[in-house]
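Beneath this line is the structure, given in structure tokens, with notes to follow.
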Amino acid sequence: CVSDNQWLAKTTPCLTYGLRGVSYFQAIVTGAKADLHSGVYGGSVHEPLNDLIHLLGTLRHPPKHGGMHHERIRVPGLLDDVPPVTDEERATYATLDFDVGAYRESDVGGAALERDTKEQLLMGRWRWPTLSIHGIEGAFSDAGAKTVLPRRVSGKFSIRLVPDMQPATTEKLVKDYLEAQWRDVVGSKYSLDVSMIHGGPAWVSRPEHPNYVAAARAVEKVYGKPPDLTREGGSIPVANWLEDATGITVLLLPTSASNDGAHAQNEKWDKRNLVNAVKVLATYLHEISRLVGPRPAMCKCAPPTAEQLAQPGFFQFAKGFKCKCEI
């Protein structure tokens with residue numbers, strides 16, 4: 001059980017069963033041996049910052065092009081492994097506690113939204129990849145009016161990955177595309193070095209798993225209402241690490257509201273949710289102990305042996321489950 005994200009709404013708790021992964025890139029352009037003055041040298045030399053801006057501009061189509069965020073990504077092949085939306089998935093958005101107007105004015109502070117419907121906005125946050133440019137290292141960004149031509153600049157951008165997208169594949173697609181754009185479109189006189197700083201895959205679980213059933217019962221007992229089942233647009237690598245290391249289904253159990261301002265200025269945690277978080281965790285552990293395992297028709301495994309129960313990953317659920325495929 002991991003608590004490292006937040007609810008979709010302000011008053012309705014949730015359980016989270018999916019996260020996007022991330023591939024974070026830098027594109028470095030190196031020019032002269034030192035920074036130059038634009039008045040003295042401008043017009044006689046190629047400028048690394050200008051070339052980098054042209055390159056970053058090739059990553060996405062502008063809003064005028066139309067389509068959702070992921071449809072404006074220009075890297076060929078990047079969307080090939082993205083699973084299509086099924087009718088079953090589409091139906092899950094209808095019952096979620098999410099108000100588009102409140103999200104616009106409160107959660108994102110009046111930012112212009114990509115779409116106006118709950119379904120499309122949540123799909124954009126959860127189940128479609130994104131490509132976001134974050135900044136340029138080495139460029140002048142302080143107050144005032146400095147007229148420098150920076151010698152070395154590094155553009156930083158990331159791609160949020162969804163299930164079936166792999167960081168290694170994404171890295172190759174992005175590097176091949178940018179190097180081709182640098183050569184054939186930008187035509188810069190300087191060298192380009194594109195690298196992936198770090199990358200991790202998406203994570204998705206099964207909300208029908210007994211671990212989630214126990215948590216849903218606990219949340220409903222404490223809050224008096226069933227939790228929404230949600231995915232999340234951010235990345236929490238420890239979810240994958242824990243599942244890989246233990247073989248146990250991981251549960252994301254957020255305890256903070258959507259307007260708590262996670263990682264922002266004046267981040268908060270409502271006292272009510274702080275107290276209820278303790279109650280939910282205790283009740284969740286109690287509900288885990290009450291689970292009796294899957295229906296016999298769903299179980300095709302022999303009970304785990306004593307040796308298997310001694311292995312990491314078995315002992316935690318041994319009391320509640322009789323079936324190895326559910327451990």
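The single condition among (1) under 16 Å from residue 20 (Cβ atoms); (2) of a type in the set (Phe, Trp, Tyr); (3) open to solvent by 20 Å² or more (accessible area, probe 1.4 Å) that residue 98 does not meet is (1). For the range 122-145, the set of residues classified as aliphatic (A, V, I, L, M) and assigned to a loop (DSSP other than H, G, I, E, B) consists of 139, 143, 145, listed by residue number. When residue 189 is tested against the conditions (1) assigned to a loop (DSSP other than H, G, I, E, B); (2) surrounded by fewer than 19 Cβ atoms within 10 Å (Cβ to Cβ); (3) in contact with a helix residue (DSSP H, G or I) (Cβ under 6 Å, 6 or more places away or on another chain); (4) touching a residue at least 60 places away in the same chain (Cβ under 8 Å), the lone failure is (3). Give the residues of the range 29-49 that are of a type in the set (A, V, I, L, M, F, W, C), surrounded by 14 or more Cβ atoms within 10 Å (Cβ to Cβ) and in a loop (DSSP other than H, G, I, E, B), sorted by residue number. Within the range 29-49, just 32 meets the criteria. The set of residues in the range 71-102 that are small (Gly, Ala, Ser) and part of a loop (DSSP other than H, G, I, E, B) comprises 77, 94. Examine the range 50-70 for a residue that is buried (at least 19 other Cβ atoms within 10 Å of the Cβ), in a strand (DSSP E or B), at pLDDT 95 or above and touching a Lys or Arg at 6+ places or on another chain (Cβ under 6 Å), and state whether such a residue exists. Yes. Scanning the range 1-19 for any residue that is closer than 19 Å to residue 134 by Cα, at pLDDT 95 or above and not aliphatic (A, V, I, L, M) turns up nothing. Checked against (1) in contact (Cβ under 8 Å) with a residue 40 or more places away in the chain; (2) open to solvent by less than 70 Å² (accessible area, probe 1.4 Å), residue 81 passes all but a single condition, namely (2).
The condition (being free of Cβ contacts under 8 Å to residues at least 60 places away in the same chain, open to solvent by less than 60 Å² (accessible area, probe 1.4 Å), farther than 22 Å from residue 180 by Cα and out of contact with any strand residue (DSSP E or B) (no Cβ under 6 Å at 6 or more places or on another chain)) is satisfied by just one residue among 105, 89: 89. Go through the residues of the range 303-326 one by one and say whether even a single one is over 26 Å from the mean Cα position of the chain (by Cα), modelled with pLDDT under 60, of a type in the set (A, V, I, L, M) and not in a helix (DSSP H, G or I). Yes, the range 303-326 has at least one match. The residue of the range 243-256 that is farthest from residue 19 (Cα to Cα), among those that are open to solvent by less than 30 Å² (accessible area, probe 1.4 Å) and not in a loop (DSSP other than H, G, I, E, B), is 256. Against the test of being basic (Lys, Arg) and more than 17 Å from residue 5 (Cβ to Cβ), the options 231, 160, 152 yield a single qualifying residue, 152. When residue 119 is tested against (1) free of Cβ contacts under 8 Å to residues at least 60 places away in the same chain; (2) among the acidic types (Asp, Glu); (3) out of contact with any helix residue (DSSP H, G or I) (no Cβ under 8 Å at 6 or more places or on another chain); (4) assigned to a helix (DSSP H, G or I), exactly one condition is not met: (3).
Against the test of being open to solvent by 70 Å² or more (accessible area, probe 1.4 Å) and either part of a loop (DSSP other than H, G, I, E, B) or at pLDDT 65 or above (or both), the options 259, 240, 266, 276 yield a single qualifying residue, 266. Residues in the range 192-231 that are charged (D, E, K, R), in contact (Cβ under 8 Å) with a residue 12 or more places away in the chain and either open to solvent by 40 Å² or more (accessible area, probe 1.4 Å) or within 30 Å of residue 51 (Cβ to Cβ) (or both): 193, 206, 217, 221, 225. Pairing each residue of the range 138-163 that is under 30 Å from residue 82 (Cβ atoms) and without any contact (Cβ under 8 Å) to a residue 12 or more places away in the chain with any residue that is of a type in the set (Ser, Thr, Tyr) and crowded, with 22+ Cβ neighbours inside 10 Å, provided the two are 6+ apart or on different chains, yields no C-beta distance under 7 Å.
The values are calculated or read from the model by the stated rules, or taken from the named source; none is laboratory data. Only a predicted model underlies this, so the values are computations on that prediction, with no experimental measurement involved. Glycine gets a Cβ as well: all are built from the backbone with ideal geometry, and neighbour counts include every protein chain shown. For the accessible areas, the whole protein counts, side chains as well, though only heavy atoms, and no ligand, DNA or RNA atoms are used. Shrake-Rupley method; radii C 1.70, N 1.55, O 1.52, S 1.80 Å.
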